[in-house]
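Engineer: Have a look at this one before I ask anything.
The values are calculated or read from the model by the stated rules, or taken from the named source; none is laboratory data. Every value quoted in this text rests on a predicted model; they were computed, and no experiment measured them. Here the Cβ positions follow ideal geometry from the backbone for every residue, glycine too, while neighbour counts run over all protein chains shown. Accessible surface areas use protein heavy atoms only, side chains included; no ligands, DNA or RNA. Shrake-Rupley method; radii C 1.70, N 1.55, O 1.52, S 1.80 Å.
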Amino acid sequence: VPELPGDGGRVDVSFTLGVSDEADGQIVSPGFSATSDQWTEPATSGELVTFVGSTVPIWAVQGDGMASPYVLDWLPTGGVVTAVFPDLGGFFIQSTRVDDNPLTSEGLFVNTSTLETPPQLEPGDVVEVFGQVRETAQQTQILVEDPADIRVLDHDAPLPRPVDLDPPATMAEAEPYFEAREGMLVQLPEPAIAVSPTSKYGEYVVTLQHHGRQRLWQGEDNGIAIMVDDGSTATHLDRSTLPYVVATGDIVEGLVGPLAYTYGRYKIEPIAPPSVQHQVISMPSLPLTRADEFSIMTWNVENLFDTRLPHPSDPPLPTRSEYELALTKVANTIVAAGVPTIVALQEVENIGVLEDIAEQPVLRDYGYQAVLIEGTDSRGIDVGYLVRGDRAQVLDSRQFVAPEGLTSRPPLLIKVQVKAQPEPLTVYVLNNHFSSMSGGVAATEPRRTAQAAWNVRVMYDAILADEPDARVAVVGDLNSFYDSLPINTLREAGLIHVMDELPREQRYTYIYQGESQVLDHILVTRPLHELLTRVDVLHVDADYPPPIPGDPSPLHKSDHDPLIARFTLAP
């Protein structure tokens, strides 16, 4: 009825309620219909269910869709405690009253984060809880705000048998598959292969062995990916705070835990560390850059800050020993990369950090010269260079600030003269750190595409307008996939990607949520491409978990792998 008159007008309504049947602890009614002369169509309800007893069963709270039908309702429910995670702010329970609908989950997370004193519970406790049903970050849970609303009815009850987890191949099928098991105790039914290492957030991804997948690739339909968490929200700067770690390729067995949903992914929260069969690590290294060649390396060194203020809120300000260790790992990585002629780095705090790297004993003889111009990034991270003084000379360096605040990390151009016979070779390198994907790939890609277009304009206006045959490289952490619009914008401007020379299985510099991908790039003009002799990704970072405390090796200084391109100087 669009409106009622304000003088006491009325609508006569006739309600019809269906007959109810009682079965399996619930009263089920087909629903009701309401009719009136003023309504062209009757109003109807769906099936109405009243539960007999003191609680609403968990499967009903979860519902058979992606969200609970009871969102924001206050209600009682109960089950057996399957796992307690103080660092997640709650515990998981599972139904003792099971329904026959395969689309409803029998498990639920109980959020106790607002309680001053967390309840002292153990797996096997049978509880009744009262709270508000929430969809917190799309995880169905019940928020308890009073410790008296958690009642322990029994102890040492048998835990439900964990459900075997073997998701379907496509993401469209996998999402409802996982949703129907959210909150339940699950397990890997067979050995699984880690397709990513343990991250600093304690997460990694596996696939079951029968799928035969050693690696998952960005852009594919990876429904078979199973993410594992560490039962906390902690950030781990090294392995000392992790119960166990895995590297890409390790075999994981005996993994059991409830299935949570946080930060947009379903995750197993293990109730105990699984068995891990570690693969033998063979430290990769490249041959030294020869006298008749030069090389360009790009690498995001991930939060390379010194020990002085100002400093961002994250990560913590490093101690002197932590800073020295980071410098050592960076220097050892540069050596493992063959001591490149030009090293383009991203996420460096200031030029003093670059100078400290150049002074490391393993690099001191190469005379690396530091180049950095401060940008305006809110965290204080910049792009910069180290250029081998024994092989090359920096002739010029310029920063190109984009219009309208397009980037807080402006492209940094250097003009380098490389020693060669019979005459030196001039090379231009444009170092970048494009905007991240943290707001979502689709939402942020237009900005990165505009940043790529700005590089094209800088390249033509500042270099190619006067030197059409100049040898130019556009490099950096471009936060863009290999065949994405920003990278294709550079290709369309005549640049050639050096990774075109690599087989697909070597073409990755980063792993995100189990998917190997390219975020770091070197694209060159044709005159420079004609000198290209070799391309390598030094896989010392992306496949490995946080480092061993005090380890000076190149292993996992960053979450990005370095990309190195070599060029001939021979006539």
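Engineer: Quick one: give the max-minus-min coordinate of the C-alpha atoms of the stretch 123-188 along each principal axis, largest first, in Å.
Structural biologist: Computed over the stretch 123-188, the largest-to-smallest principal extents equal 44, 28, 11 Å.
Engineer: Just to verify a number: FRET efficiency for residue 277 and residue 39, C-beta to C-beta distance, R0 = 45 Å, to 0.05?
Structural biologist: Efficiency at R0 = 45 Å is approximately 0.10.
Engineer: Report for the chain the percent antiparallel among DSSP-assigned beta bridges with both residues inside it, nearest 5.
Structural biologist: Among the beta bridges of the chain, antiparallel pairing accounts for roughly 85 percent.
Engineer: Could you work out [θ]222 nm for the chain from helices alone, using -39500 (n - 2.57) per DSSP H run of at least four and dividing by all its residues? Round to the nearest 500 deg cm²/dmol.
Structural biologist: Value at 222 nm, helices only: -3500 deg cm²/dmol.
Engineer: Starting from the Cα of residue 506, step 7 Å along the direction of its Cβ; do the same at residue 166; then give the gap between the two resulting points in nm.
Structural biologist: 3.7
Engineer: Right, here's the next one. Keeping every protein chain present and rolling a 1.4 Å probe, give me the accessible area per residue for the stretch 300-361 in Å².
Structural biologist: 36
Engineer: How much length would be gained if the chain were fully extended between residue 390 and residue 146, taking 0.36 nm per residue of separation minus their Cα-Cα distance, in nm to one decimal? Let's see the in-between values first.
Structural biologist: On the way: separation 244, 0.36 × 244 = 87.84 nm, distance 6.95 nm.
Going from the current span to full extension adds 80.9 nm.
Engineer: Once label points are set 7 Å from the Cα along Cα→Cβ at both residue 399 and residue 417, what is their separation, rounded to one decimal in nm?
Structural biologist: Result: 2.6 nm between the two label points.
Engineer: Calculate, for the stretch 90-215, the solvent-accessible area per residue in square angstrom, rolling a 1.4 angstrom probe over the heavy atoms of the protein chains.
Structural biologist: 45
Engineer: Another question about this same structure. How high is the FRET efficiency between residue 135 and residue 362 when r is their beta carbon distance and R₀ equals 35 Å, given to the nearest 0.05? Don't skip to the end; give the middle numbers.
Structural biologist: Values: r = 53 Å, r/R0 = 1.51.
Rounded to the nearest 0.05, the efficiency is 0.10.
Engineer: Continuing with this model, one more query. Let me have the relative contact order for the chain, percent, based on Cα pairs under 8 Å that are six or more residues apart.
Structural biologist: Reported as a whole number, the value is 11 percent.
Engineer: Using a 10 Å cut-off on Cβ atoms, rank the peptides 433-440, 87-94 from the highest mean neighbour count down.
Structural biologist: 87-94, 433-440
Engineer: How far is it, in nm, from the label point at residue 320 to the one at residue 443 when both lie 7 Å from their Cα along the line to the Cβ?
Structural biologist: Placing both labels 7 Å beyond Cα along the Cβ direction yields 4.4 nm.
Engineer: Calculate, in nm to one decimal, what residue 217 and residue 201 gain on full extension: separation in residues at 0.36 nm each, minus their alpha carbon distance. Working shown, then result.
Structural biologist: Numbers: separation 16, 0.36 × 16 = 5.76 nm, distance 2.09 nm.
My answer for the length gained is 3.7 nm.
Engineer: Dividing the alpha-carbon Rg of the chain by 2.2 N^0.38 Å yields what?
Structural biologist: Values: Rg = 29.5 Å, N = 571, 2.2 N^0.38 = 24.5 Å.
Cα-based Rg divided by the globular estimate yields 1.20.
Engineer: Taking residue 419 as the anchor, which lysines have their alpha carbon closer than 30 Å to its alpha carbon, excluding any fewer than eight residues away along the same chain?
Structural biologist: 329
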